[in-house]
Every structure is written in C-alpha cells, then in structure tokens.
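One structure is given here, and the rest of the page talks about it.
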Amino acid sequence: MPRFEFEMPPMLSRAVYDRADEIRHDEQRLKAKWPDALLLQIDPSGRYPVGEDGLGWIMALDAADEPPPEAVFLGLHPEEGRDMWAMRFDIIDGPKDDPRRGAQLLGANEAGILSTALGVLNWHDNARFSPVDGARTEPAKGGWVRRNTISGKEEFPRTDPAIITVVHDGADRILLGRQAQWPDRWFSTLAGFVEPGESLEQCVLREVHEEVGLDTWDPMYVGSQPWPFPRSLMLGFEVTADPDQPLDFIDGEIAAAEWFDRDEVITAIEAQEEWMGSDGKPIVDDARLRLPGSISIASALIRAWAYTPAPDQVTRDQG
C-alpha cells in the first residue's frame, strides 16, 4: 500500500457522467438529437468559451444543421441529459479561457468533460493520415474513430501513459524539481513517459535516476488522472530516496531540484490558496516556493504527502 492516499481524486478524475459509448455508432440517433444538443467550441490553442456558471455551451443547431464529421460526441449532460458535442472553431466570440488555468474554476463534471474534449480533439489534429500507409483518414462513430479511406482500417484515440512521482525520504522531506523554462521559484514532482518493455514501477526508478541522478526504491502507486496536453494519462506514484545522495541532472530536463521539509511545503500550499482570487489569478507573489496549480495531479500528490504524517511522526503523536 502507498504511504499516503488522496483525500479526494485529482481534479480531472472526479467527473461522473454518461459517456454513452453505446450510441456513438448510431448516426440516425445522433442526428435526431442534434437540434437539442449542446456544443462546446474549442479553438486551435485549446481555449474554450466561458459562461456565467462554467463552460460556455452553445446550441448545436446554431453551428450546423447536423453533426459535422469533425465534431466529437462527448456523452450526455449530467444535469440536462442532452447530447454534448465538441468541435474546433478558429474563432470563438466572447470571453474565453485557457484550460490549464480555467479548468480549476470549473465544477468536477465540467472539468472532466473539457478534458475529454481536449484529448480527443488533440488526437484528431494529429491523426489525419494513417501511420501505416499515409492514406487520409476520416472521422467516424461520433468522432471516436478515424477510418482509413483506402483500407477501411479503424484507428482509435491514443492515450500516452506517463508516470509522475513524489520522491521523499520516508520521513519529512520531499524532492521537487524545476524545468529550465519555469520561473525560478516554481517546483513540482518528477514525471516521464513509460517506455516500451518496462513496467510502471521500472519507469519510476528510471525517470528519477535520469532526471536527478538518485537511486530510489519501493515505488508505490497512488492514483491517476487524464492530462489532455496533448493526450496523456498521468499515473501517480511515490518512491523513497536517500537525501544524502548527490543530485545529478543527467538528461538535462531538470534545471534545479531541492529537498523541502514538510512544514515548508504546507506553508507554500496555504500561501498558494491565499494568492488565488475568485478568477483563479494570483493576488500576491512573494513566496519562496511556488507549487503546481490544483488542476494537476502533481498538486494532489504533493498535498497528499504533505498532510499525511510520516510513520515516525504518527508513533510520536500516539506515544
């Protein structure tokens, strides 16, 4: 068992709605429901329209008389029961938001719906031609398939597995890293894609060693979250390391890494909550340690570690 658990699932893993996969292939049914359906517009950079209480849905019939081939059927709206669709639009009128920032202001269901829309549309953007023979492909089955126009072979949305891990010393310290392009005080957990032929646990050990040069042991799975930037599934772990080992940034992905104690991380979490206004933007910016936003599983992992006492602390408290 992991040494800590999520108090609640990561933000993009909380949605509970009917994806209605059994009707994706029913073109007549999808067409019949289109006039009453809701449509989410997504521009090429991933921005989406903002409404008064969340996502800025429009009526599907305002965009087209029937489902366009490039539209993606998302399922049934969790409150209204209407069909939900998403589609790329080059220009979106009205206020818009970026999902990396704005999704944390949405409810659990709408954040999950947005994540699904982004992930499938991102796949479509990069799957217009067959990777086997170069033939053009076309959307089918409510946007959940691309069909080869020559061979008829079907391709399905791709999800790339990646591990993301808390590295701790088994007591009260956690190792966080900073990529070169991040601001100086921004730190997060370590992460990397799973390679062919390795288990998730092997990937954790390899990625930590490649990124910061540490030998680690006892990787434990904590939980997962989709990450539609562009189409990843983040598999959260925690792993133990000896903090006396020297750091070595072998692959160059990490520019700096530091060990932080539990109190310092908790202070950063609480300060971050005070920074955020009702619009999700920082109010002040004077802390030494900045942590990932609440939309990320990195935030959930760090919080779960920070608020779970180390075994020796539990013993002391109980004694």
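Let's see how each residue does on (1) among the basic types (Lys, Arg); (2) surrounded by fewer than 16 Cβ atoms within 10 Å (Cβ to Cβ); (3) in contact (Cβ under 8 Å) with a residue 60 or more places away in the chain:
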{"position": "Ile91", "(1), (2), (3)": "no, yes, no"}
{"position": "Gln104", "(1), (2), (3)": "no, no, yes"}
{"position": "Trp123", "(1), (2), (3)": "no, no, yes"}
{"position": "Asn126", "(1), (2), (3)": "no, yes, yes"}
{"position": "Phe129", "(1), (2), (3)": "no, yes, no"}
{"position": "Asp133", "(1), (2), (3)": "no, yes, no"}
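Rundown of residues vs (1) out of contact with any helix residue (DSSP H, G or I) (no Cβ under 8 Å at 6 or more places or on another chain); (2) under 28 Å from Ala37 (Cβ atoms); (3) surrounded by fewer than 18 Cβ atoms within 10 Å (Cβ to Cβ), yes/no style:
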| position | (1), (2), (3) |
| --- | --- |
| Pro139 | no, yes, no |
| Thr165 | no, no, no |
| Gln179 | yes, no, yes |
| Leu205 | yes, no, no |
| Tyr221 | no, no, yes |
| remark: Screening Pro67, Pro35, Pro95, Pro99 for residues that are over 23 Å from Leu233 (Cα atoms), crowded, with 19+ Cβ neighbours inside 10 Å and not assigned by TED's automatic domain parsing to the domain that holds Ala306 leaves only Pro67
| note | Apart from one, (1) part of a strand (DSSP E or B); (2) in contact with a Lys or Arg (Cβ under 7 Å, 6 or more places away or on another chain) all hold for Pro243; the odd one out is (1)
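Matching residues to (1) under 24 Å from Glu22 (Cα atoms); (2) of a type outside the set (Val, Ile, Thr); (3) in the same structural domain as Phe89 (by TED's automatic domain parsing); (4) at pLDDT 95 or above:
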{"residue": "Leu105", "(1), (2), (3), (4)": "no, yes, yes, no"}
{"residue": "Leu114", "(1), (2), (3), (4)": "yes, yes, yes, yes"}
{"residue": "Leu118", "(1), (2), (3), (4)": "yes, yes, yes, yes"}
{"residue": "Leu121", "(1), (2), (3), (4)": "yes, yes, yes, yes"}
{"residue": "Pro139", "(1), (2), (3), (4)": "yes, yes, yes, yes"}
{"residue": "Val166", "(1), (2), (3), (4)": "no, no, no, yes"}
{"residue": "Arg173", "(1), (2), (3), (4)": "no, yes, no, yes"}
{"residue": "Trp182", "(1), (2), (3), (4)": "no, yes, no, no"}
{"residue": "Ala191", "(1), (2), (3), (4)": "no, yes, no, yes"}
| Identity of the residue in the stretch 1-37, of a type in the set (Lys, Arg) and within 24 Å of Ala63 (Cα to Cα), that ends up nearest to the chain's Cα centre (by Cα) | Arg19
| request: Using the structure shown, decide if Val208 is of a type outside the set (Asp, Glu) and part of a strand (DSSP E or B). | output: no
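The values are calculated or read from the model by the stated rules, or taken from the named source; none is laboratory data. None of the values given here were measured: they were computed from a predicted structure. Note that each Cβ is placed from the backbone with ideal geometry, even for glycine, and that neighbours are counted across all protein chains shown.
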